[in-house]
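The values are calculated or read from the model by the stated rules, or taken from the named source; none is laboratory data. Values in this document were obtained by computation on a predicted structure and should not be read as measured data. Cβ: placed from backbone, ideal geometry, glycine included. Neighbour counts: every protein chain shown. Please note that ligands, DNA and RNA were not included when accessible areas were found on the heavy atoms of the full protein model with its side chains. Shrake-Rupley method; radii C 1.70, N 1.55, O 1.52, S 1.80 Å.
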Amino acid sequence: MDTFWPDSAPEAARNSLGVALHQLRQTLRTATGDPVVVFSCGTYRLCQGLGLWLDCDEFELRLRTARDAEDRGDKNDAVTDYEQALSLYRGEFLAESPYEEWSALYRERLRLAHLDALARLSELHFITGRYVPCAELCRRLVELDPCRESAHRRLMRCLSRIGQPHLAILQFRSCAKALQAELGISPQRETAALHDRLRADLPV
């Protein structure tokens with residue numbers, strides 16, 4: 001009641017809650033034919049045994065199964081599960097309500113999990129020589145996290161291996177620019193060394 005009706009007196013807020021829950025229960029019953037929200041022992045809750053599918057839960061489940069597949073050394077299953085997980089992530093959790101405290105930590109957890117899934121899938125593609133899809137995932141990753149040098153390096157290697165070393169050199173410049181703008185630092189030695197090898201037309 002404090003969340004939705006913070007300026008109302010307790011009795012008025014309680015009445016508003018009752019009206020909202022009544023409307024919610026009626027709407028859900030119309031949509032499903034079965035009770036969804038039930039009142040029991042002085043509290044409202046979801047009906048036990050109700051089959052629910054939540055994209056957030058499925059996203060995290062797919063990530064767990066992908067990691068398990070990686071641990072088993074099953075790259076094909078891991079790729080499939082990571083791809084399914086990424087297809088479920090359509091943007092930040094409750095992005096339309098960015099200042100709600102209760103959702104902030106969960107939103108950040110899902111965001112970081114999404115970035116990690118992009119990184120893991122791109123690595124799997126790189127290991128198996130699928131450089132074009134790997135490059136696309138790395139582009140998505142550096143767009144969302146411009147200072148992630150590992151993604152810049154993997155993208156540079158992919159571009160070089162598909163015959164576009166000039167774009168790989170440009171990617172280094174984008175990396176250096178992002179790091180300077182965001183963090184006030186220069187690229188790591190590993191990134192600079194990769195750039196030097198590209199300029200010298202050496203294999204990467």
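Of the residues Arg29, Arg14, which single one is farther than 30 Å from Leu124 by Cα, of a type in the set (Lys, Arg) and modelled with pLDDT under 85?
On the way: Arg14 fails: modelled with pLDDT under 85.
Being farther than 30 Å from Leu124 by Cα, of a type in the set (Lys, Arg) and modelled with pLDDT under 85 holds for just one of Arg29, Arg14, which is Arg29.
Specify the residue that is nearest to Thr3 (Cα to Cα); the eligible residues are those in segment 80-91 that are without any contact (Cβ under 8 Å) to a residue 40 or more places away in the chain and either polar (S, T, N, Q) or out of contact with any His (no Cβ under 9 Å at 6 or more places or on another chain) (or both). Among them, the one singled out is Gly91. Looking only at segment 170-189, residues that are touching an Asp or Glu at 6+ places or on another chain (Cβ under 8 Å) and not in a loop (DSSP other than H, G, I, E, B) come to 2 in all. Before we move on, is Ala168 surrounded by fewer than 15 Cβ atoms within 10 Å (Cβ to Cβ) and closer than 23 Å to Leu115 by Cβ? The answer is no for Ala168.
Any chance segment 140-156 includes a residue that's charged (D, E, K, R), under 27 Å from Ala113 (Cα atoms) and assigned to a loop (DSSP other than H, G, I, E, B)? Explain how you work it out, then say what you get.
Going residue by residue through segment 140-156, those that are charged (D, E, K, R) are 140, 143, 145, 148-149, 153-154.
Those left that are additionally under 27 Å from Ala113 (Cα atoms): 140, 143, 145, 148-149, 153-154.
Adding the requirement that they be assigned to a loop (DSSP other than H, G, I, E, B) leaves 145, 148.
Within segment 140-156, one or more residues are charged (D, E, K, R), under 27 Å from Ala113 (Cα atoms) and assigned to a loop (DSSP other than H, G, I, E, B).
You will find that of Leu61, Leu52, the residue that is closer than 28 Å to Leu137 by Cα, of a type in the set (A, V, I, L, M, F, W, C) and either open to solvent by 40 Å² or more (accessible area, probe 1.4 Å) or modelled with pLDDT of 90 or more (or both) is Leu61 and no other. Is it the case that Arg45 is open to solvent by 50 Å² or more (accessible area, probe 1.4 Å), of a type in the set (D, E, K, R) and part of a strand (DSSP E or B)? Judged against the criteria, Arg45 is a match.
Could you count how many residues in segment 161-170 are of a type outside the set (Val, Ile, Thr) and within 15 Å of Val132 (Cβ to Cβ)? Qualifying residue count, segment 161-170: 5. Within segment 123-148, the set of residues being more than 16 Å from Thr191 (Cβ to Cβ) and of a type in the set (Asp, Glu) comprises Glu123, Glu136, Glu143. Report yes if some residue within segment 94-116 is crowded, with 16+ Cβ neighbours inside 10 Å and within 18 Å of Thr191 (Cα to Cα); otherwise report no. There is no residue in segment 94-116 that is crowded, with 16+ Cβ neighbours inside 10 Å and within 18 Å of Thr191 (Cα to Cα).
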